[in-house]
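Here is the structure we will look at.
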Amino acid sequence: MSNPIVKKITVVLAITSTATLVGFSSYRLLLAFEMVTPGVISLPIIQPYQTLKGHSAWVYAIAISPDGNTLASGSYNGTIKIWNLHTGKLLHTFKGHADAVVSLAISNDHRILASGSWDNRIKLWNLETGTLIRTLDGHRDDVEAIAISGNGKLLASSSADNTIKLWNLDTGKELFTLPDVGWVKSVAFSPDSQKLASGSRDNSIRIWQLSTGSPTLIQTFTGHSQEVCSVAFSPDGQTLASGSRDKTIKLWRLSDGKLLHTLAGHSQAVLSVAFSPNGQTLASGSYDTTIKLWHLATGKLLANFAGHTKSVWSVAFSPNGQTLVSGSGDETIKLWSIPRDRTAHTQTLEKMKHNQRYLTPNLTSSLGKWHS
C-alpha cells in the first residue's frame, strides 16, 4: 500500500499546477471540491443558509413566483403559506382545502396561485391577497399534480382517477380530459406551452402535443423500473428530466426520445427534479433526505445538500438561479445558495483529471524518493 502522505502531497501539487493552467485560484478550486487521492473526488456538502418554519405537517409542494419575490408552500394538513423569499417572512396562510396540498403552480404574470389537493379539487387563489378566485371540480380522486402553461392560458392536472385534465386558466372551464392514462404522478408544460409531459405509476413518461387542437400523444419514454414521481422540461425545451422511485433520474432528448444519461446516486426514491434557469444543472430531491446537484452536459454529480431530516418532496430554483428551495417531510422549507461558477468548476475538474494522468506518476515517483 502506498504512503497516504505521498498521495496527499501529490494531489495538492496537481491542483495547484492545474489551477495555474486554467486561470482559477487554488482557493476557489478547493472550495468547490476536494481531492483526497488521485482520481477520487470528495464532493462539497452544501448546508442551508435559512430554514423557514411555520408548517405543522409535511411540506409537499413549493412554487416560486417568476419575479423571485414570493414563495408558496403546501402542506399535508391542507394549508398553503406565502413567504417573502428574500427575507423569509411569512406573509399569508391560505385555508380552504380539506386534505393535503400536494402540488402548487404560479402563473407567469404572478397573479394566480393554483393548488392541487387530495380532496380531489384544484383551487385558484389571488397570490397577493389570498382571495379564493374559484374551485375546479371534475376529478373523482386525489389530484396528484398540476402545472400552468408559460403563456398563462392552460392549467393541467393529473389524478388518481387515471385522467389528465386541461383547463382554461382564466375561466376555469374544463377543456379536455385524457382518459385511461393511468395514475399520473407528475405533469409539466414545455417552455413554449406546446407540449405536456406526464410521469406515471406504470413507469412510463408520455409527451402530448397541444398545438393541434385536441391533445395528441406523440412520444412514450420507457426505461424506469418503478413509478415516475417527477418530470421537468429544460429551459430550452430540448431535454426532459424524470425522477423515479427506482432511485434514478433519466435525461431524455425530446427530438428523438433518446436516453442521454441515467443519473444514479440517491439511495431511495427521487421525488422531485428541477432545472436551473440557465439549463446547465439539475437538482433532485429524494426520500433519502438529500438533495443533489447534477451537471447536465456530462451527467456528473456536482454537490450534495444536507440538512433535512426527512424526505425531500419538492425542489425549485429561484429565477436568477442563485437559490434552491426545498420542502420536506420534516415540516420545514430550506434555502440553499448555489455557487454561480459551479459549471466552470466542473469544466476545470475535467481538465484537472486529464492533467493528473500526466502529472501524478512523475510527482508520485519524486515525492516517494523524497519521503523515503
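The values are calculated or read from the model by the stated rules, or taken from the named source; none is laboratory data. Remember, predicted model here, so these are calculated numbers, not experimental data. For neighbour counting, all protein chains shown are included, and Cβ atoms are generated from backbone atoms with ideal geometry for every residue, glycine included. Areas reflect the complete protein model, heavy atoms only, side chains present, ligands, DNA and RNA absent. Shrake-Rupley method; radii C 1.70, N 1.55, O 1.52, S 1.80 Å.
Placing unit charges on each Cβ (+1 for Lys and Arg, -1 for Asp and Glu) gives the stretch 146-279 a dipole about its Cα centre, and among 186, 215, 154 the Cα reaching farthest toward its positive end belongs to 186.
When every Cα-Cα distance of the stretch 183-329 is counted in 10 angstrom steps from zero, the calculated P(r) takes the values 12, 46, 34, 8, 1 percent. Once you order the gyration tensor axes a ≥ b ≥ c over the Cα atoms, which shape class does the stretch 223-308 get: rounded for a/c under 1.5, otherwise prolate or oblate by comparing a/b with b/c? Taking the square roots of the gyration eigenvalues as a ≥ b ≥ c, the stretch 223-308 is oblate. So what's the net charge close to residue 95: Lys and Arg +1, Asp and Glu -1, counting the other residues with Cβ under 13 Å from its Cβ? Computed value for this residue: 0. Spatial offset of the stretch 260-327 relative to the stretch 121-162 amounts to 25 Å, using the alpha carbon center of each.
Among 115-123, 65-73, 303-311, sorting by the average number of other beta carbon atoms lying within 10 angstrom of each residue, highest first, gives 115-123, 65-73, 303-311. Note on residue 245: accessible area approximately 90 square angstrom, rounded to 10, probe 1.4 Å, nucleic acids and ligands left out. A full extension of the chain between residue 337 and residue 309 corresponds to an added length of 8.2 nm, given 0.36 nm per residue minus the alpha carbon distance.
The protection proxy used here, the mean number of other Cβ atoms lying within 10 Å of each residue, ranks peptides 207-214, 267-274 as follows, highest first: 267-274, 207-214.
3J(HN,Hα) couplings calculated from phi for the stretch 82-97 with the Karplus curve 6.51 cos²θ - 1.76 cosθ + 1.60 (θ = phi - 60°) are, in sequence order, 10, 10, 7, 5, 7, 9, x, 6, 6, 9, 8, 10, 9, 10, x, 7 Hz; Gly and Pro show x.
Run through every distinct alpha carbon pair of the stretch 145-237 and return the Kirkwood hydrodynamic radius in angstroms, one decimal place. Walk me through the intermediate numbers first.
Working: mean 1/r = 0.0766 Å⁻¹.
It works out to 13.1 Å.
Work out how much length residue 267 to residue 95 would gain on full extension: take 0.36 nm times their residue separation and subtract the Cα-Cα distance, in nm to one decimal.
58.4 nm
Each label point was placed 7 Å from the Cα along the Cα-to-Cβ direction; for residue 298 and residue 278 their separation is 1.5 nm. Shape descriptor for the stretch 39-139: Rg over Rh equals 1.07 (Cα atoms; Rh from the Kirkwood inverse mean 1/r).
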